[in-house]
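A.B. asks: This is the structure I have questions about; it appears just below.
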Amino acid sequence: MPVRKATAADLPHYLELGKKFHAASPMHNVVPFDEDGYSKFYLQSVDSSTVSMWVAEADGAVVGVVGAIL
């Protein structure tokens, strides 16, 4: 499974996976999914020198996202 540095173009995939993650968490009944907040964080992260984001692909589709604070 290839893993590559995430780009701004991966935002729709990040949001799709983020929504699934949020729905599976116990917090989904406490706070709503904040698409604008997730989008802002992601776009800032892909251009950051202190945060790195990567995506995993299978058969050409993004199937996972991981991030790290450096």
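A.B. asks: Counting only residues that are under 17 Å from G60 (Cβ atoms) and among the small types (G, A, S), which one in region 1-22 is least open to solvent (accessible area, probe 1.4 Å)?
C.D. replies: Taking region 1-22 first, the residues under 17 Å from G60 (Cβ atoms) are 1-7, 9-10, 12-14, 16-17.
Keeping just the survivors that are among the small types (G, A, S) gives 6, 9.
Working: A6: 6, A9: 79 Å².
Per the stated criteria, the residue is A6.
A.B. asks: Within region 41-61, count every residue that is exposed (fewer than 11 other Cβ atoms within 10 Å of the Cβ) and among the small types (G, A, S).
C.D. replies: 4
A.B. asks: Could you please find all residues in region 23-35 being exposed (fewer than 10 other Cβ atoms within 10 Å of the Cβ), farther than 18 Å from V62 by Cβ and among the hydrophobic types (A, V, I, L, M, F, W, C)? Let's see the steps before the verdict.
C.D. replies: Of the residues in region 23-35, the ones exposed (fewer than 10 other Cβ atoms within 10 Å of the Cβ) are 24, 26, 29-32.
Those left that are additionally farther than 18 Å from V62 by Cβ: 26, 29-32.
Within region 23-35, V30, V31 qualify.
A.B. asks: Is it the case, given these coordinates, that Y38 is open to solvent by less than 80 Å² (accessible area, probe 1.4 Å), in contact with a strand residue (DSSP E or B) (Cβ under 7 Å, 6 or more places away or on another chain) and in a helix (DSSP H, G or I)? I'd like the intermediate steps shown before the answer.
C.D. replies: On the way: open to solvent by less than 80 Å² (accessible area, probe 1.4 Å): yes; in contact with a strand residue (DSSP E or B) (Cβ under 7 Å, 6 or more places away or on another chain): no; in a helix (DSSP H, G or I): yes.
Against the criterion (open to solvent by less than 80 Å² (accessible area, probe 1.4 Å), in contact with a strand residue (DSSP E or B) (Cβ under 7 Å, 6 or more places away or on another chain) and in a helix (DSSP H, G or I)), Y38 does not qualify.
A.B. asks: Please indicate, with yes or no, whether at least one residue in region 4-21 is part of a strand (DSSP E or B), basic (K, R) and free of Cβ contacts under 8 Å to residues at least 60 places away in the same chain.
C.D. replies: Initially, region 4-21 is screened for residues part of a strand (DSSP E or B), giving 4-5.
Remaining after also requiring basic (K, R): 4-5.
From what's left, free of Cβ contacts under 8 Å to residues at least 60 places away in the same chain: 4-5.
There is at least one residue in region 4-21 that is part of a strand (DSSP E or B), basic (K, R) and free of Cβ contacts under 8 Å to residues at least 60 places away in the same chain.
A.B. asks: Can you work out which of the residues in region 41-70 that are assigned to a helix (DSSP H, G or I) and of a type outside the set (F, W, Y) is nearest to R4 (Cα to Cα)?
C.D. replies: Just the residues of region 41-70 that are assigned to a helix (DSSP H, G or I), to begin with: 41-46.
Then drop every residue that is not of a type outside the set (F, W, Y), which leaves 43-46.
Numbers: L43: 16, Q44: 17, S45: 15, V46: 12 Å.
The extreme case among them is V46.
The values are calculated or read from the model by the stated rules, or taken from the named source; none is laboratory data. Keep in mind the model is a prediction, meaning the values are calculated, not measured. Virtual Cβ from ideal backbone geometry, glycine too; neighbours counted across all protein chains shown. To get the accessible areas, we keep the full protein, side chains included, count just its heavy atoms, and leave off ligands, DNA and RNA. Shrake-Rupley method; radii C 1.70, N 1.55, O 1.52, S 1.80 Å.
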